[in-house]
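Engineer: This structure is in structure tokens; I'll ask about it shortly.
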Amino acid sequence: MRILLVEDEKRIADFIRKGLSENGYAVDVACDGEEALDWAAVAELDIIVLDVLLPGRDGLDVCRELRRRGSHVPVLMLTARDAIEDRVRGLDSGADDYLVKPFAFAELLARLRALARRERSVLGTHLRVGDLVLDTASRQVSRQGQSIALTSKEFSLLEYLLRHPNQVLTRTMIAEHVWNYDFDSSSNVIDVHVRNLRRKIDDPFAARLIHTVRGAGYLLSDRQPE
Ligand code: CA
């Protein structure tokens, strides 16, 4: 899941970015509204975490502009005050949810999961293909009931594959949703991560779930190719 964090206070931005990265999110940071709109125009974002108090255009204005441009990316607004009119203005500007600062990090993570569910119409926190199950809340992965330990990046990669089953995903698509802007697309990092993931979720089991589509990318499916 790729997140754009829009926050001008560096200390807070660093804290949130670090926490989200540790939880497997790919995070880019914009420091003001204009930069946020530039990112939204060019990047494949899954969620925007948008602070209301920004220099220049405020978060409400940025959110209205995003919607005016036809963007449906889920927006989680960070507000400074828990006043009803602030929340109403946030939601009316086109935000999907809001969180009052200061917040518990666990709540931010829970709200991001809820937004991701809404967007993909996934019910509950379990993503499943065949006998492979990933729980986005507890961050547990299992196959045939056996628990599988993954690194944070492997987990993010698998989550992306599980959100798009039976679909060919190119390396570019994977890079755009699992890595942030600093990703070096000339490297073979994705192939290395896929190989490691296969070693854990496919090699010990009879049926393969991750398939290579020659010249195109990867596909997660429990239907075996003919
Ligand atoms: Ca701010």
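Engineer: Out of all the residues in segment 100-119, which are in contact with a strand residue (DSSP E or B) (Cβ under 9 Å, 6 or more places away or on another chain) and within 16 Å of the ligand (Cβ to nearest atom)?
Structural biologist: V100, K101, F103, L108
Engineer: Let me ask another. Can L169 be described as over 14 Å from the mean Cα position of the chain (by Cα), crowded, with 18+ Cβ neighbours inside 10 Å, within 28 Å of D38 (Cα to Cα) and free of Cβ contacts under 8 Å to residues at least 60 places away in the same chain?
Structural biologist: When the stated conditions are applied, L169 passes them.
Engineer: Right, next: In the list D97, D61, which residue meets the criterion of being away from the ligand (no atom under 14 Å from the Cβ), surrounded by fewer than 19 Cβ atoms within 10 Å (Cβ to Cβ) and either under 24 Å from L161 (Cα atoms) or outside the structural domain of T151 (by TED's automatic domain parsing) (or both)?
Structural biologist: D97
Engineer: Ok, one more. In segment 8-36, what residues are within 16 Å of the ligand (Cβ to nearest atom), of a type in the set (A, V, I, L, M, F, W, C) and part of a helix (DSSP H, G or I)?
Structural biologist: I12, A13, F15, I16, A36
Engineer: Please go through segment 102-129 and give me each residue that is surrounded by 15 or more Cβ atoms within 10 Å (Cβ to Cβ), at pLDDT below 90 and outside any helix (DSSP H, G or I), ordered by number.
Structural biologist: V122, T125, L127
Engineer: Got a number for residues in segment 64-89 being within 15 Å of the ligand (Cβ to nearest atom) and at pLDDT below 90?
Structural biologist: 4
Engineer: Can you tell me which of L45, L5, L53 is within 14 Å of the ligand (Cβ to nearest atom), under 21 Å from E159 (Cβ atoms) and in contact (Cβ under 8 Å) with a residue 12 or more places away in the chain?
Structural biologist: Just a single option satisfies the conditions, and that option is L5.
Engineer: Related question: Evaluate the following for R81: is it in a helix (DSSP H, G or I) and outside the structural domain of L162 (by TED's automatic domain parsing)?
Structural biologist: no
The values are calculated or read from the model by the stated rules, or taken from the named source; none is laboratory data. Only a predicted model underlies this, so the values are computations on that prediction, with no experimental measurement involved. With ideal geometry, Cβ positions are generated from the backbone for all residues, glycine too; neighbour counts draw on all protein chains shown.
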